[in-house]
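Engineer: Supplied in structure tokens, the structure appears directly below.
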Amino acid sequence: MDSLNTELLVARYFYCNVCTIGLLYINGSFKCHTLEREWISPDLIPTGKYKVIPFYSAKRQAMVLKIYRPDKPNYNDEIHTGNFASDTTGCILVGNQPNYDDYAIYESGLAYNKYIMPIVNNLTIGQTCDIIIKDITYNKIMECL
């Protein structure tokens, strides 16, 4: 597979029994926030480096980024829109405004269209890019880059 010269980094920093919130960097530049299931969920994508491929999601009826996991190649872990952990079964949601009181992320569609769709549109079938998922503490965010 061909590789697009783009790297995504999800730096998780907020963990609770409802959700996990992180930061999304693209090529080393902060872009938006992420939201996933609670940190103890078996659906949470393990930390590590993965390939991302363009994928047509029948559930969303749209092109999304699929995180290819060699340990679970038939899983459809995606990067897509949503506001709450209940909007995902293991995928990564993106948004501009995290809300720690509501355990939510808002302006998801805006963030998705601005940061994720250009990657989807630039990847052709057979091309990939990398995503790194790390667990960090908030004061360690700059050290992970």
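Engineer: If the requirement is being modelled with pLDDT of 85 or more, closer than 16 Å to Cys19 by Cβ and out of contact with any helix residue (DSSP H, G or I) (no Cβ under 9 Å at 6 or more places or on another chain), which of these qualifies: Ile133, Ile119?
Structural biologist: Working: Ile119 fails: closer than 16 Å to Cys19 by Cβ.
After ruling out the rest, the residue left standing is Ile133.
Engineer: Go through (1) over 20 Å from Leu110 (Cβ atoms); (2) out of contact with any Cys (no Cβ under 9 Å at 6 or more places or on another chain); (3) modelled with pLDDT under 90 one by one and return the number of the condition Leu4 breaks.
Structural biologist: Leu4 satisfies all of (1) over 20 Å from Leu110 (Cβ atoms); (2) out of contact with any Cys (no Cβ under 9 Å at 6 or more places or on another chain); (3) modelled with pLDDT under 90 except (2).
Engineer: Read through the list (1) among the charged types (D, E, K, R); (2) touching a Ser or Thr at 6+ places or on another chain (Cβ under 8 Å); (3) modelled with pLDDT under 90, then give the number of the only condition that Glu78 fails.
Structural biologist: It is condition (3) that Glu78 fails.
Engineer: Something else about it: Out of the residues in segment 27-54 that are of a type in the set (Val, Ile, Thr) and within 22 Å of Asn99 (Cα to Cα), which is modelled with the lowest pLDDT? Spell out the reasoning first.
Structural biologist: Here is the first cut: in segment 27-54, the ones of a type in the set (Val, Ile, Thr) are 34, 40, 45, 47, 52-53.
So of that shortlist, the ones also within 22 Å of Asn99 (Cα to Cα) come out as 34, 40, 45.
Details: Thr34: 98, Ile40: 81, Ile45: 92.
Applying the filter and picking the extreme gives Ile40.
Engineer: Among the candidates Lys31, Lys51, Lys66, which residue alone is basic (Lys, Arg), assigned to a strand (DSSP E or B), touching a strand residue (DSSP E or B) at 6+ places or on another chain (Cβ under 6 Å) and crowded, with 21+ Cβ neighbours inside 10 Å? Give the derivation first.
Structural biologist: Numbers: Lys31 fails: crowded, with 21+ Cβ neighbours inside 10 Å; Lys51 fails: crowded, with 21+ Cβ neighbours inside 10 Å.
Of Lys31, Lys51, Lys66, the one residue that is basic (Lys, Arg), assigned to a strand (DSSP E or B), touching a strand residue (DSSP E or B) at 6+ places or on another chain (Cβ under 6 Å) and crowded, with 21+ Cβ neighbours inside 10 Å is Lys66.
Engineer: Of all residues being in contact (Cβ under 8 Å) with a residue 24 or more places away in the chain and on the phi < 0 side of the Ramachandran plot in segment 72-86, which is surrounded by the fewest Cβ atoms within 10 Å (Cβ to Cβ)? Just the residue, please.
Structural biologist: Taking segment 72-86 and keeping what is in contact (Cβ under 8 Å) with a residue 24 or more places away in the chain, we get 77, 79-85.
Restricting the remaining residues to those that are on the phi < 0 side of the Ramachandran plot gives 77, 79-81, 83-85.
Working: Asp77: 23, Ile79: 24, His80: 20, Thr81: 22, Asn83: 19, Phe84: 16, Ala85: 22.
Checking each candidate, the answer is Phe84.
Engineer: Can you name every residue in segment 102-120 that is more than 15 Å from Lys66 (Cβ to Cβ) and in a helix (DSSP H, G or I)?
Structural biologist: Once the filter is applied, which keeps residues that are more than 15 Å from Lys66 (Cβ to Cβ) and in a helix (DSSP H, G or I), segment 102-120 yields Ser108, Gly109, Leu110, Ala111, Asn113, Lys114, Tyr115, Pro118.
Engineer: List, please: which pairs have Cβ atoms under 7 Å, are six or more places apart or on different chains, and start with a residue in segment 25-38 that is more than 23 Å from Phe84 (Cα to Cα) and end with one that is in a loop (DSSP other than H, G, I, E, B)?
Structural biologist: Sorted first by the residue in segment 25-38, then by its partner, the pairs are Gly28/Leu145.
Engineer: Please determine whether any residue of segment 32-51 is aliphatic (A, V, I, L, M), within 11 Å of the chain's Cα centre (by Cα) and more than 16 Å from Ile136 (Cα to Cα).
Structural biologist: Among the residues of segment 32-51, not one is aliphatic (A, V, I, L, M), within 11 Å of the chain's Cα centre (by Cα) and more than 16 Å from Ile136 (Cα to Cα), which makes the answer no.
The values are calculated or read from the model by the stated rules, or taken from the named source; none is laboratory data. Remember, predicted model here, so these are calculated numbers, not experimental data. Neighbour counts run over all protein chains shown; Cβ positions are idealised from the backbone, glycine included.
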